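Structure first, then comments.
The values are calculated or read from the model by the stated rules, or taken from the named source; none is laboratory data. The structure presented is a predicted model; accordingly, all values stated were derived computationally and were not measured. As a convention, Cβ positions derive from the backbone with ideal geometry for all residues, glycine included, and neighbour counts pool all protein chains shown. Keep in mind that these areas ignore ligands, DNA and RNA; they rest on the heavy atoms of the full protein, side chains included. Shrake-Rupley method; radii C 1.70, N 1.55, O 1.52, S 1.80 Å.
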Amino acid sequence: MAPEVRLNGPDNEPLGIVSIHEALRMAGELDVDVVEISATATPPVCRLMDYGKFKYIEQKRAAEAKSKQKVIEIKEVKFRPGTDEGDYQIKMRNLRRFIAEDGDKGKVTLRYRGREIT
């Protein structure tokens, strides 16, 4: 552990290079935590922040992003060689609606039974 750290304040303003004890003292005065941002830098970069509040905000942000995402489903339409023209048109209209309006993917399956495939 390095004896000194580059410290940023609660509003991300640079406070300069200070000793670890000084950083902990400042955190105690402001009633916040010292969070290490970059351990590989020389000296390591730390920030004064309320870590519990930070984790809460990140969790809320992730939940909001998850709720706004669209799940794309695969809608399947099955046909047989004996499907009449009216049924065929209805199934095709439904398939176009799945793709255009709902934004889902469509899958067309041709079912053959017995000697229908030859």
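See the values below:
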read-out: Of all residues in region 16-34 being part of a strand (DSSP E or B) and of a type in the set (V, I, T), the one that is nearest to the chain's Cα centre (by Cα); value: V34
read-out: Among (1) closer than 28 Å to P3 by Cβ; (2) more than 21 Å from the chain's Cα centre (by Cα), the one test that V77 misses; value: (1)
read-out: Hey, I37 touching a Cys at 6+ places or on another chain (Cβ under 9 Å), open to solvent by 70 Å² or more (accessible area, probe 1.4 Å) and either under 30 Å from N8 (Cα atoms) or assigned to a helix (DSSP H, G or I) (or both) or not; value: yes
read-out: Hits in region 53-69 - residues which are of a type in the set (D, E) and more than 24 Å from D31 (Cβ to Cβ); value: E64
read-out: The lone exception for V77 - which of (1) touching a helix residue (DSSP H, G or I) at 6+ places or on another chain (Cβ under 9 Å); (2) among the hydrophobic types (A, V, I, L, M, F, W, C); (3) open to solvent by 60 Å² or more (accessible area, probe 1.4 Å) it fails; value: (3)
read-out: In region 2-15, the residues that are open to solvent by 40 Å² or more (accessible area, probe 1.4 Å), outside any strand (DSSP E or B) and on the phi < 0 side of the Ramachandran plot; value: P3, P10, D11, E13
read-out: Residues of region 16-30 satisfying the condition of being touching a residue at least 12 places away in the same chain (Cβ under 8 Å) and open to solvent by 70 Å² or more (accessible area, probe 1.4 Å); value: I17, L30
